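Participant: Sending over a structure as C-alpha coordinates; questions will come in a sec.
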Amino acid sequence: MEKISKEEIKKLMEIEGEVRGVVFQTDAEYVRLKKGEEGLKILKEKTKELGYPIEYEQIKTMDWYPVGLRVVSLLAAKEAFNWGNEEIWDMGNSAPKYSFIVKLLLKYFLSLRRSLEETSTYWRKHYTVGDLEFVELNEEKKYFILRLKNFKLHPILCTYLTGYFHRFGQYVIKGEKITIEETKCMFKGDPYHEFLGRWE
(Lines give C-alpha, C1' and ligand atoms only; values in the text may rest on other atoms or scores of the structure.)
Protein backbone atom coordinates (compact mmCIF):
# COMPACT_ATOMS: atom_id res chain seq x y z
CA MET A 1 0.00 0.00 0.00
CA GLU A 2 1.38 3.37 -1.03
CA LYS A 3 1.95 5.67 1.93
CA ILE A 4 0.93 9.30 1.79
CA SER A 5 3.81 11.78 1.95
CA LYS A 6 4.20 14.63 4.46
CA GLU A 7 3.97 17.04 1.49
CA GLU A 8 0.58 15.64 0.45
CA ILE A 9 -0.66 15.90 4.04
CA LYS A 10 0.54 19.51 4.23
CA LYS A 11 -1.40 20.32 1.02
CA LEU A 12 -4.53 18.70 2.47
CA MET A 13 -4.19 20.80 5.62
CA GLU A 14 -4.01 23.95 3.49
CA ILE A 15 -7.45 23.30 1.98
CA GLU A 16 -9.97 25.85 3.17
CA GLY A 17 -13.00 24.64 5.04
CA GLU A 18 -13.99 22.98 8.27
CA VAL A 19 -15.69 19.85 9.53
CA ARG A 20 -17.55 19.09 12.76
CA GLY A 21 -15.81 17.16 15.50
CA VAL A 22 -18.46 14.44 15.29
CA VAL A 23 -16.66 12.89 12.27
CA PHE A 24 -13.57 12.18 14.39
CA GLN A 25 -15.72 10.75 17.16
CA THR A 26 -17.34 8.33 14.72
CA ASP A 27 -13.86 7.32 13.45
CA ALA A 28 -12.77 6.65 17.04
CA GLU A 29 -15.93 4.61 17.74
CA TYR A 30 -15.34 2.46 14.69
CA VAL A 31 -11.69 1.82 15.56
CA ARG A 32 -12.65 0.96 19.15
CA LEU A 33 -15.24 -1.47 17.84
CA LYS A 34 -12.80 -3.19 15.47
CA LYS A 35 -9.49 -2.85 17.31
CA GLY A 36 -10.29 -1.95 20.93
CA GLU A 37 -8.70 0.80 23.05
CA GLU A 38 -5.27 -0.39 21.94
CA GLY A 39 -6.33 0.26 18.34
CA LEU A 40 -7.28 3.83 19.20
CA LYS A 41 -3.82 4.37 20.71
CA ILE A 42 -2.26 3.04 17.49
CA LEU A 43 -4.44 5.39 15.42
CA LYS A 44 -3.48 8.40 17.55
CA GLU A 45 0.18 7.46 17.19
CA LYS A 46 -0.25 7.26 13.40
CA THR A 47 -1.84 10.75 13.22
CA LYS A 48 1.14 12.06 15.19
CA GLU A 49 3.50 10.30 12.78
CA LEU A 50 1.71 12.02 9.87
CA GLY A 51 2.41 15.37 11.54
CA TYR A 52 -1.11 16.26 12.70
CA PRO A 53 -1.91 14.50 15.98
CA ILE A 54 -5.60 13.98 16.73
CA GLU A 55 -6.57 13.55 20.39
CA TYR A 56 -9.88 11.84 19.72
CA GLU A 57 -11.05 11.89 23.37
CA GLN A 58 -10.68 15.68 23.48
CA ILE A 59 -12.62 16.37 20.26
CA LYS A 60 -15.87 18.25 20.82
CA THR A 61 -18.87 17.04 18.78
CA MET A 62 -20.09 20.41 17.49
CA ASP A 63 -16.76 22.26 17.27
CA TRP A 64 -15.25 22.99 13.85
CA TYR A 65 -11.87 21.52 12.80
CA PRO A 66 -9.78 21.91 9.60
CA VAL A 67 -11.32 19.82 6.81
CA GLY A 68 -7.88 18.41 5.89
CA LEU A 69 -7.79 16.73 9.27
CA ARG A 70 -10.83 14.67 8.16
CA VAL A 71 -8.64 13.04 5.51
CA VAL A 72 -5.69 12.67 7.90
CA SER A 73 -7.89 10.64 10.28
CA LEU A 74 -9.03 8.26 7.51
CA LEU A 75 -5.58 7.87 5.97
CA ALA A 76 -4.07 7.23 9.40
CA ALA A 77 -6.60 4.43 10.02
CA LYS A 78 -5.95 2.97 6.58
CA GLU A 79 -2.17 2.93 7.11
CA ALA A 80 -2.19 1.91 10.77
CA PHE A 81 -4.35 -1.18 10.21
CA ASN A 82 -3.47 -1.87 6.58
CA TRP A 83 -7.11 -1.38 5.62
CA GLY A 84 -8.38 -1.40 2.05
CA ASN A 85 -11.46 0.12 0.40
CA GLU A 86 -13.75 -2.44 1.99
CA GLU A 87 -12.90 -1.31 5.52
CA ILE A 88 -13.06 2.40 4.61
CA TRP A 89 -16.48 1.82 3.02
CA ASP A 90 -17.59 0.01 6.18
CA MET A 91 -16.24 2.85 8.32
CA GLY A 92 -18.42 5.29 6.35
CA ASN A 93 -21.35 2.90 6.54
CA SER A 94 -21.05 2.67 10.33
CA ALA A 95 -20.64 6.41 10.96
CA PRO A 96 -24.33 7.44 10.92
CA LYS A 97 -25.03 4.85 13.63
CA TYR A 98 -22.79 6.79 16.03
CA SER A 99 -23.71 10.33 14.98
CA PHE A 100 -26.26 12.10 17.12
CA ILE A 101 -26.51 14.80 14.39
CA VAL A 102 -27.79 12.13 11.99
CA LYS A 103 -30.24 10.73 14.52
CA LEU A 104 -31.52 14.20 15.32
CA LEU A 105 -32.07 15.16 11.69
CA LEU A 106 -33.60 11.88 10.57
CA LYS A 107 -36.09 11.98 13.42
CA TYR A 108 -37.86 14.83 11.65
CA PHE A 109 -37.81 13.52 8.09
CA LEU A 110 -40.76 11.32 7.37
CA SER A 111 -40.92 10.83 3.62
CA LEU A 112 -38.14 9.67 1.33
CA ARG A 113 -38.46 12.79 -0.84
CA ARG A 114 -38.31 15.11 2.14
CA SER A 115 -35.27 13.33 3.54
CA LEU A 116 -33.46 13.63 0.19
CA GLU A 117 -34.47 17.28 -0.20
CA GLU A 118 -32.89 18.00 3.17
CA THR A 119 -29.51 16.46 2.30
CA SER A 120 -27.93 19.86 1.53
CA THR A 121 -28.94 21.18 4.98
CA TYR A 122 -27.72 17.95 6.48
CA TRP A 123 -24.34 18.28 4.70
CA ARG A 124 -23.92 21.84 6.00
CA LYS A 125 -24.33 20.58 9.56
CA HIS A 126 -21.13 18.59 9.00
CA TYR A 127 -19.02 20.54 6.46
CA THR A 128 -18.45 24.21 5.59
CA VAL A 129 -17.20 23.16 2.12
CA GLY A 130 -18.86 21.19 -0.64
CA ASP A 131 -22.46 21.38 -1.82
CA LEU A 132 -24.57 18.25 -1.61
CA GLU A 133 -27.61 18.40 -3.87
CA PHE A 134 -30.59 16.14 -4.29
CA VAL A 135 -30.92 15.71 -8.07
CA GLU A 136 -33.58 13.12 -8.73
CA LEU A 137 -35.94 10.61 -7.16
CA ASN A 138 -37.87 8.05 -9.17
CA GLU A 139 -39.93 5.93 -6.80
CA GLU A 140 -41.41 3.91 -9.63
CA LYS A 141 -38.00 2.87 -10.99
CA LYS A 142 -36.59 2.84 -7.46
CA TYR A 143 -33.57 5.10 -7.66
CA PHE A 144 -32.30 8.47 -6.44
CA ILE A 145 -29.32 10.64 -7.34
CA LEU A 146 -27.22 12.87 -5.07
CA ARG A 147 -24.58 15.24 -6.40
CA LEU A 148 -21.63 16.60 -4.43
CA LYS A 149 -19.98 19.71 -5.88
CA ASN A 150 -16.90 21.73 -4.89
CA PHE A 151 -15.49 18.92 -2.77
CA LYS A 152 -12.17 17.59 -4.00
CA LEU A 153 -10.19 16.52 -0.95
CA HIS A 154 -8.95 12.97 -1.46
CA PRO A 155 -10.26 9.77 -3.17
CA ILE A 156 -10.48 8.02 0.21
CA LEU A 157 -13.55 10.16 0.91
CA CYS A 158 -15.29 8.83 -2.22
CA THR A 159 -15.13 5.33 -0.74
CA TYR A 160 -16.08 6.55 2.72
CA LEU A 161 -19.05 8.59 1.46
CA THR A 162 -20.36 5.74 -0.69
CA GLY A 163 -20.60 3.69 2.51
CA TYR A 164 -22.06 6.64 4.39
CA PHE A 165 -24.80 7.32 1.83
CA HIS A 166 -25.60 3.61 1.80
CA ARG A 167 -26.45 3.74 5.51
CA PHE A 168 -28.34 7.01 5.04
CA GLY A 169 -30.33 5.32 2.25
CA GLN A 170 -31.13 2.41 4.55
CA TYR A 171 -32.45 4.83 7.14
CA VAL A 172 -34.77 6.66 4.73
CA ILE A 173 -35.86 3.64 2.67
CA LYS A 174 -36.62 1.37 5.57
CA GLY A 175 -36.10 -2.33 5.23
CA GLU A 176 -35.23 -2.28 1.54
CA LYS A 177 -32.13 -3.74 -0.12
CA ILE A 178 -30.08 -0.75 -1.27
CA THR A 179 -26.97 -0.20 -3.39
CA ILE A 180 -25.04 3.06 -3.73
CA GLU A 181 -22.60 3.65 -6.55
CA GLU A 182 -20.42 6.67 -7.27
CA THR A 183 -21.17 7.21 -10.97
CA LYS A 184 -19.22 10.46 -11.37
CA CYS A 185 -16.04 11.47 -9.58
CA MET A 186 -13.94 14.65 -9.53
CA PHE A 187 -10.81 12.49 -9.30
CA LYS A 188 -11.74 10.90 -12.63
CA GLY A 189 -12.21 14.19 -14.43
CA ASP A 190 -15.90 14.79 -13.75
CA PRO A 191 -17.05 18.26 -12.62
CA TYR A 192 -18.58 16.80 -9.45
CA HIS A 193 -19.22 13.56 -7.56
CA GLU A 194 -22.51 11.82 -8.21
CA PHE A 195 -24.04 8.97 -6.22
CA LEU A 196 -26.75 6.72 -7.58
CA GLY A 197 -28.89 4.92 -5.06
CA ARG A 198 -31.06 1.97 -6.09
CA TRP A 199 -33.34 -0.24 -4.06
CA GLU A 200 -35.38 -3.36 -4.63
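The values are calculated or read from the model by the stated rules, or taken from the named source; none is laboratory data. Keep in mind that this is a model prediction, so the values were computed, not measured. With ideal geometry, Cβ positions are generated from the backbone for all residues, glycine too; neighbour counts draw on all protein chains shown.
Participant: Filter segment 164-182 for residues that are touching a residue at least 24 places away in the same chain (Cβ under 8 Å) and either closer than 15 Å to residue 126 by Cβ or β-branched (Val, Ile, Thr) (or both) and give the result. Walk me through it before giving the result.
Facilitator: Start the filter on segment 164-182 by keeping residues that are touching a residue at least 24 places away in the same chain (Cβ under 8 Å), which leaves 164-169, 171-173, 176, 182.
Hits for segment 164-182 are 164, 165, 167, 168, 172, 173.
Participant: Next question. Would you check if there is a residue in segment 103-118 being closer than 20 Å to residue 22 by Cα, at pLDDT 95 or above, part of a loop (DSSP other than H, G, I, E, B) and in contact with a Phe, Trp or Tyr (Cβ under 8 Å, 6 or more places away or on another chain)?
Facilitator: no
Participant: For segment 43-90, which residues satisfy the criterion of being under 18 Å from residue 157 (Cα atoms), in contact with a helix residue (DSSP H, G or I) (Cβ under 8 Å, 6 or more places away or on another chain), charged (D, E, K, R) and surrounded by fewer than 21 Cβ atoms within 10 Å (Cβ to Cβ)?
Facilitator: If the condition is that a residue be under 18 Å from residue 157 (Cα atoms), in contact with a helix residue (DSSP H, G or I) (Cβ under 8 Å, 6 or more places away or on another chain), charged (D, E, K, R) and surrounded by fewer than 21 Cβ atoms within 10 Å (Cβ to Cβ), then 79, 87, 90 are the ones that fit.
Participant: While we're looking at this one, here's another question. Can you find a residue in segment 185-196 that is in contact with a Leu (Cβ under 7 Å, 6 or more places away or on another chain) and farther than 25 Å from residue 78 by Cα?
Facilitator: No: zero hits.
Participant: Those residues that are surrounded by 22 or more Cβ atoms within 10 Å (Cβ to Cβ) and in contact with a helix residue (DSSP H, G or I) (Cβ under 7 Å, 6 or more places away or on another chain), I need them from segment 160-171; list them, please.
Facilitator: If we filter segment 160-171 for residues that are surrounded by 22 or more Cβ atoms within 10 Å (Cβ to Cβ), which is where we start, we get 160-161, 163-165, 168-169.
Passing the criteria: 160, 161, 163, 164, 168.
Participant: Inspect segment 148-156 for any residue being crowded, with 19+ Cβ neighbours inside 10 Å, assigned to a strand (DSSP E or B) and under 16 Å from the mean Cα position of the chain (by Cα) and give the result as yes or no.
Facilitator: Yes, because at least one residue in segment 148-156 is crowded, with 19+ Cβ neighbours inside 10 Å, assigned to a strand (DSSP E or B) and under 16 Å from the mean Cα position of the chain (by Cα).
Participant: Anything in segment 9-40 that is surrounded by 14 or more Cβ atoms within 10 Å (Cβ to Cβ) and charged (D, E, K, R)? List them, or say none.
Facilitator: The answer is 18, 20, 27, 29, 32, 34, 35.
Participant: Also, quick follow-up: Residue check, residue 144 against (1) more than 22 Å from residue 72 (Cα to Cα); (2) surrounded by fewer than 20 Cβ atoms within 10 Å (Cβ to Cβ); (3) in contact with a strand residue (DSSP E or B) (Cβ under 9 Å, 6 or more places away or on another chain); (4) among the aromatic types (Phe, Trp, Tyr), all met but one. Which one?
Facilitator: (2) is the only condition that residue 144 fails.
Participant: Taking the condition modelled with pLDDT of 95 or more, assigned to a loop (DSSP other than H, G, I, E, B), in contact with a Gly (Cβ under 9 Å, 6 or more places away or on another chain) and among the aromatic types (Phe, Trp, Tyr), does residue 65 pass?
Facilitator: No.
Participant: Out of 60, 41, report the one residue that is of a type outside the set (Gly, Ala, Ser) and assigned to a helix (DSSP H, G or I). If you could, list the steps in order and put the result at the bottom.
Facilitator: Numbers: 60 fails: assigned to a helix (DSSP H, G or I).
Within the list 60, 41, the selection yields 41.
Participant: With the structure loaded, tell me whether residue 29 is outside the structural domain of residue 193 (by TED's automatic domain parsing), touching a Phe, Trp or Tyr at 6+ places or on another chain (Cβ under 7 Å) and farther than 28 Å from residue 7 by Cβ or whether it fails that test.
Facilitator: For residue 29, the condition - outside the structural domain of residue 193 (by TED's automatic domain parsing), touching a Phe, Trp or Tyr at 6+ places or on another chain (Cβ under 7 Å) and farther than 28 Å from residue 7 by Cβ - is met.
Participant: I need the full set of residues from segment 55-83 which are under 14 Å from residue 34 (Cα atoms) and without any contact (Cβ under 8 Å) to a residue 60 or more places away in the chain, in order please.
Facilitator: Correct list: 77, 80, 81, 83.
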